[in-house]
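Student: Here it is: the structure, laid out below.
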Amino acid sequence: MTSTAAQPRGRRPRRDEVRRALLDAAAHEFARRGIDGASVDDVAAAAGFTKGAVYSHFGSKDGLVDALVEDRTTAYLEAGLTAVDGLEGALDVRARALGDRLSAVGTEQGDWHLLFFELWQRAVRAAEPGGVLGRQRDALRAAVADAISEHAESAGATLPLPAADLALVVMALTNGLAVERLVGPDDVAPDLMGRVLALLVQQPGDASRS
């Protein structure tokens, strides 16, 4: 965990370093205690700062939660896009690379999934579901759908479903396997998601690569 103690003596941490430390601490504390159970003081202390740093960067606890949702969603998207950026060849090969990378990120960011499920419950139970989680979900689905369409065109492949539907399947599979990984880590093979995505977009004649 990043903290002021980790900084060289006499050097003030940069604003982006403080923000990063607070977001990482929030992910850990919210996952461990729950959003309502973890206070601003808890998050600040875990990051090595005072609660004033939280208010300075995020305005409020709700602002911190919103920023964390945006941060983690963006990280997932960038990880997926980077995994297939510049990758050539058949679409199932690219899909497998995407699935493998998303699985790795899911393992690395277990705290995020605990927070995500709490936010999901809140959104479902709210009188008006959505909020920042809904907005980020919509943006993520659109970005994934665009990437799927571009890679299908580049590979000369025919998609088995509309790109928007496939994007939803990718998101659902990511979240669903995250649940299974949390309760049964040894039950979810690291390459399972990649193999499923490859099968989903496999073209005639591609079976030999599965």
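The values are calculated or read from the model by the stated rules, or taken from the named source; none is laboratory data. Because the structure is predicted, anything quoted here is derived from the model rather than measured. Please note: Cβ atoms are built from the backbone with ideal geometry, for glycine as well, and neighbour counts cover all protein chains shown. For the accessible areas, the whole protein counts, side chains as well, though only heavy atoms, and no ligand, DNA or RNA atoms are used. Shrake-Rupley method; radii C 1.70, N 1.55, O 1.52, S 1.80 Å.
Student: Work out the FRET efficiency for Ala126 and Leu87 from their Cβ-Cβ distance, taking R0 = 30 Å, and round it to the nearest 0.05.
Tutor: Calculated value: 0.15.
Student: Going toward the positive end of the dipole of the chain, with +1 on Lys and Arg Cβ and -1 on Asp and Glu Cβ, which of Gly134, Ala25, Gln121 do you reach last?
Tutor: It is Ala25.
Student: Output the relative contact order of segment 138-209, whole-number percent, from Cα pairs under 8 angstrom with separation of 6+ residues.
Tutor: After rounding, I find 30 percent.
Student: Round to the nearest 10 and give me the degree value, 0 to 90, for the angle of helix 110-125's Cα axis relative to the longest principal axis of the chain.
Tutor: 90 degrees
Student: When the chain is treated as a GNM, springs tying every alpha-carbon pair under 10 Å, which of Arg94, Arg72, Arg14 comes out with the largest mean-square fluctuation?
Tutor: Arg14
Student: Cut-off 10 angstrom, C-alpha nodes, Gaussian network model of the chain. Which of Gln121, Gln109, Gln136 fluctuates the most?
Tutor: Per the Cα network of the chain with a 10 Å cutoff, Gln121 tops the list.
Student: Only residues of segment 105-128 count here: report those whose backbone N is under 11 Å from the spot 7 Å along Cα→Cβ of Asp187, or say none.
Tutor: none
Student: So, R0 is 45 Å and r is the distance between the beta-carbons of Lys51 and Ala172; what FRET efficiency does that work out to, to 0.05?
Tutor: The pair Lys51/Ala172 has a calculated efficiency of 0.75.
Student: While we're on this one: May I ask you to derive the relative contact order of segment 15-135, considering only C-alpha pairs under 8 Å and at least 6 residues apart, and to give it as an integer percent?
Tutor: Relative contact order here is 26 percent.
Student: Follow-up. How far apart, in nm, are the 7 Å Cα→Cβ label points at Asp41 and Ala104?
Tutor: 4.1 nm
Student: Report, to the nearest 10°, how far helix 163-183 tilts away from the longest principal axis of the Cα atoms in the chain, using its own Cα long axis and a range of 0 to 90°.
Tutor: On a 0 to 90 degree scale, this one is about 60.
Student: Among (i) 10.2; (ii) 12.2; (iii) 13.6, which one is mean projected area of the Cα convex hull in nm² computed from these coordinates?
Tutor: (iii)
Student: With +1 on the Cβ of every Lys and Arg and -1 on the Cβ of every Asp and Glu, and nothing else charged, how large is the dipole of the chain about its Cα centre, in debye rounded to the nearest 20?
Tutor: My answer is approximately 740 debye.
Student: Springs between alpha-carbon atoms under 10 Å, Gaussian network over the chain: tell me which of Asp146, Asp16, Asp66 tops the mean-square fluctuations.
Tutor: Maximum fluctuation in the GNM of the chain, among the listed residues, is at Asp16.
Student: Could you look at segment 64-170 and say what percent of its accessible area is carbon and sulfur, using a 1.4 Å probe and all protein chains?
Tutor: Solvent-exposed carbon and sulfur of segment 64-170 make up 54 percent of the total.
Student: Roughly how tilted is helix 192-201, in degrees to the nearest 10 and between 0 and 90, from the longest Cα axis of the chain?
Tutor: It is inclined by approximately 40 degrees.
Student: Okay, next question. Quick one: compute the contact order of segment 83-178, relative version, from alpha carbon pairs under 8 angstrom and 6+ residues apart, as a percent.
Tutor: This gives 33 percent for segment 83-178.
Student: Using a 1.4 Å probe on the protein heavy atoms only, what accessible surface does Arg15 show? Give it in Å² to the nearest 10.
Tutor: About 140 Å², rounded to the nearest 10.
Student: So what J values fall out for segment 26-39 if you push phi through Karplus, 6.51 cos²θ - 1.76 cosθ + 1.60 with θ = phi - 60°, rounded to Hz, Gly and Pro as x?
Tutor: Once θ is set to phi - 60°, the couplings for segment 26-39 become 5, 4, 6, 5, 5, 5, 6, 10, x, 5, 6, x, 9, 8 Hz.
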